[in-house]
Each structure stands twice: as structure tokens, then as C-alpha cells.
């Protein structure tokens, strides 16, 4: 430090782990579906998609696009 200069602070970033958020949004219907997982693996994505299709939208009709 030099006389007349501002005091400087330093910090150390501590990472407390990570998580993943899957989100499916249907804005016209005002719906959103969120799922938080510990990891971002293909198995987690497959489970989210399976839940979304088989549970949340089990009565949806396929339009055959």
C-alpha cells in the first residue's frame, strides 16, 4: 500500500458444488416444469423426458409433424 491509495481487498472463491436444472416451458399455456438434479448426465435427461412424456403429457395427442 502506498500513502493516499485506496485499500484493496482480495477474496477466495469457495465452490460449494454444482447442480443441474432441466426446464420445459409451455408459454402459451402458462406452464413450466422444472427438475433439479445433482449431475447433468444423459440418464438424468432421459429420466426428465420420460417423466415429461409419460406422466405430465400422457393424454397428449401426436400430430404427426
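Each value in this text was obtained by applying a stated rule to the coordinates, not by laboratory testing. No experiment lies behind these values; they were computed from the predicted model shown.
Relative to the longest principal axis of the Cα atoms of the chain, the long axis of helix 42-51 lies at roughly 50 degrees. Based on C-alpha pairs under 8 angstrom that are at least 6 apart in sequence, the chain has a relative contact order of 22 percent. Look at [x] 1.21; [y] 2.10; [z] 1.46: the one that is Cα Rg over 2.2 N^0.38 Å derived from this structure is [y].
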